[in-house]
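The values are calculated or read from the model by the stated rules, or taken from the named source; none is laboratory data. Being a predicted model, the structure only gives us computed values, none of them experimental. As a convention, Cβ positions derive from the backbone with ideal geometry for all residues, glycine included, and neighbour counts pool all protein chains shown. To get the accessible areas, we keep the full protein, side chains included, count just its heavy atoms, and leave off ligands, DNA and RNA. Shrake-Rupley method; radii C 1.70, N 1.55, O 1.52, S 1.80 Å.
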Amino acid sequence: MTTSMEIAEARARQSEDPQLFMVAFTAGWQAAAEGGDIDAKARQLGPDMAAGFVEGVTAWRARTATSRDYVPGSPAHVNHTSRTRNA
């Protein structure tokens with residue numbers, strides 16, 4: 001099974017600046033782990049780091065997700081849906 005870090009490293013090698021991609025990946029991972037306003041943290045980094053940042057946030061969320069998060073009608077799904085609609 002391929003880990004999120006292996007995927008990020010492969011994508012970093014394809015980017016124009018692999019080191020910057022991995023720094024952004026780590027920033028995204030940490031931002032998702034800490035919670036709070038992910039969009040505000042992304043805006044602080046700027047567009048050059050967007051791809052790596054999004055990859056890091058996505059990797060963290062995929063790692064911490066449970067099957068309950070994907071079951072329609074479950075509490076996690078209902079909470080997510082209501083937050084998304086009100087945003």
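How many nm separate the modelled label positions at Q44 and I7, each set 7 Å beyond the Cα in the direction of the Cβ?
2.5
Spin-label point model (7 Å from Cα, Cβ direction): what's the Q30 to A62 distance in nm?
It works out to 2.2 nm between the two label points.
Mind checking which of S15, V78, A40 is farthest towards the positive end of the chain's charge dipole, using Cβ charges of +1 (Lys, Arg) and -1 (Asp, Glu) about the Cα centre?
Selected residue: V78.
Relative contact order for the chain: what is it in percent, counting Cα pairs under 8 Å that are at least 6 residues apart?
Value for the chain: 27 percent.
Can you compute the helix-only [θ] at 222 nm over the chain? Use -39500 (n - 2.57) per DSSP H run of at least 4 residues, normalise by all residues, nearest 500 deg cm²/dmol.
-23000 deg cm²/dmol
Sort M5, M49 by accessible area with a 1.4 Å probe, largest first.
M5, M49
Based on Cβ point charges of +1 for Lys and Arg and -1 for Asp and Glu, what charge dipole magnitude is obtained for the chain about its Cα centre, in debye rounded to the nearest 20?
Dipole magnitude for the chain comes out near 400 debye.
Probe 1.4 Å, all protein chains in place: accessible area of T81 in Å², nearest 10?
The accessible area comes out at roughly 30 Å².
Viscosity 1.567 mPa s, temperature 4 °C: give me the Stokes-Einstein translational D for the chain in µm²/s, with Rh taken as the Kirkwood radius over C-alpha pairs.
Approximately 93 µm²/s, per Stokes-Einstein.
Please report the carbon-and-sulfur percent of the accessible area for the chain; probe 1.4 Å, protein heavy atoms only, DNA, RNA and ligands left out.
Result for the chain: 53 percent of the exposed heavy-atom area is carbon or sulfur.
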